[in-house]
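This report concerns only the one structure given below.
The values are calculated or read from the model by the stated rules, or taken from the named source; none is laboratory data. Predicted model only: the values in this text are computed from it and were never measured. Using ideal geometry, Cβ is built from the backbone for each residue, glycine included, and neighbour counts are taken over all protein chains shown. The accessibility values were calculated without ligands, DNA or RNA, using every heavy atom of the protein model including side chains. Shrake-Rupley method; radii C 1.70, N 1.55, O 1.52, S 1.80 Å.
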Amino acid sequence: MIKTVHVSHIGRVRSVNEDSAWIRNLETGYILGIVADGMGGHLAGDTASRLAVETLVSDLGTLEPGLSHASLSAALSDAILHANEVIFRTASADEKYHNMGTTVVAALLNDAEGVIGHIGDSRAYKIANKSLTQLTEDHTLVNDLLKNGIIKKEDASHHPRRNVLTRALGTDAEVKVDLDPVKLDKGEVLLLCSDGLSNLVSNEQLIQVAGNLDLPLEERADRLLQLALLAGGDDNITVALFEAQEESSVAETGCES
């Protein structure tokens with residue numbers, strides 16, 4: 001069984017929370033979790049992330065049970081592409097939403113196996129056996145510079161254009177979705193988050209907190225959020241955790257801060 005929890009916080013600097021998050025056990029038996037980090041300023045950013053979440057939930061909420069991994073991947077990709085169309089069309093029709101967009105990272109699981117769909121720099125990590133694996137690749141200018149050897153890793157966090165995305169949801173009529181398989185064994189944790197967490201909390205802290213199986217999942221999520229706030233909280237912060245457990249009856253939990 002998979003236990004889930006999510007928390008979101010406006011942070012210490014921003015005037016509005018442009019992040020949106022959603023996790024549920026769908027009626028058809030799948031587990032869907034989404035984190036979206038909007039951009040475009042007040043009204044636009046939070047509208048873009050909300051539309052992303054609403055579109056994915058609507059499109060995926062009626063999936064047939066027992067789909068293959070390939071079918072799940074195709075369904076998630078199609079839903080994300082549909083969200084891109086919805087956001088782009090809304091932005092094109094109203095000046096106050098001009099150039100709005102959002103990141104998205106979404107997990108669609110059939111019990112403990114499934115797929116991650118991703119655009120932007122919100123991330124998915126897997127924490128297992130006191131180690132952390134980043135499952136997604138940032139679609140950012142800085143990551144491109146790193147891959148091409150133009151800058152060093154230690155320079156990336158201080159680069160003046162570190163927040164520039166090379167791919168986002170809703171900013172262009174067409175976009176490419178990255179898809180990655182995921183599988184959770186007992187005691188392993190999947191973390192979805194906005195960059196308000198990943199930019200401020202180290203990999204070591206993510207492992208220590210998210211991987212601490214002695215703490216309730218809700219407490220782990222809140223501790224991660226508090227670490228980001230203590231580190232400055234200069235952006236909205238969203239954390240979503242999925243943990244594979246043995247209990248026969250596990251209910252999902254969501255809370256907002």
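Details
- Counting only helices (runs of 4 or more DSSP H) wholly contained in segment 163-237, the ones carrying 2 or more residues that are surrounded by fewer than 22 Cβ atoms within 10 Å (Cβ to Cβ) occupy 203-210, 217-230.
- Counting residues in segment 207-215 that are touching a Lys or Arg at 6+ places or on another chain (Cβ under 6 Å), at pLDDT below 95 and closer than 22 Å to Ser131 by Cα gives zero.
- Within segment 1-26, restricting attention to residues that are over 18 Å from the mean Cα position of the chain (by Cα) and more than 21 Å from Lys183 (Cα to Cα), the residue that is least open to solvent (accessible area, probe 1.4 Å) is Val16.
- Close pairs (6 angstrom Cβ cut-off, 6 or more residues apart or separate chains): within 24 Å of Leu109 (Cα to Cα) and free of Cβ contacts under 8 Å to residues at least 24 places away in the same chain in segment 192-210, among the charged types (D, E, K, R) and buried (at least 22 other Cβ atoms within 10 Å of the Cβ) anywhere: Val209/Arg220
- Only residues that are within 14 Å of Thr103 (Cβ to Cβ), among the small types (Gly, Ala, Ser) and out of contact with any His (no Cβ under 8 Å at 6 or more places or on another chain) were counted across segment 9-39, and they come to 3.
- Number of residues in segment 26-45 that are among the acidic types (Asp, Glu) and in contact with a Ser or Thr (Cβ under 7 Å, 6 or more places away or on another chain): the value is 1.
- Close Cβ contacts (under 6 Å, 6 or more residues apart or on different chains) running from residues in segment 68-96 that are in contact (Cβ under 8 Å) with a residue 24 or more places away in the chain to residues that are of a type in the set (Phe, Trp, Tyr) and surrounded by 14 or more Cβ atoms within 10 Å (Cβ to Cβ) comprise Thr90/Tyr97; Ala91/Tyr97.
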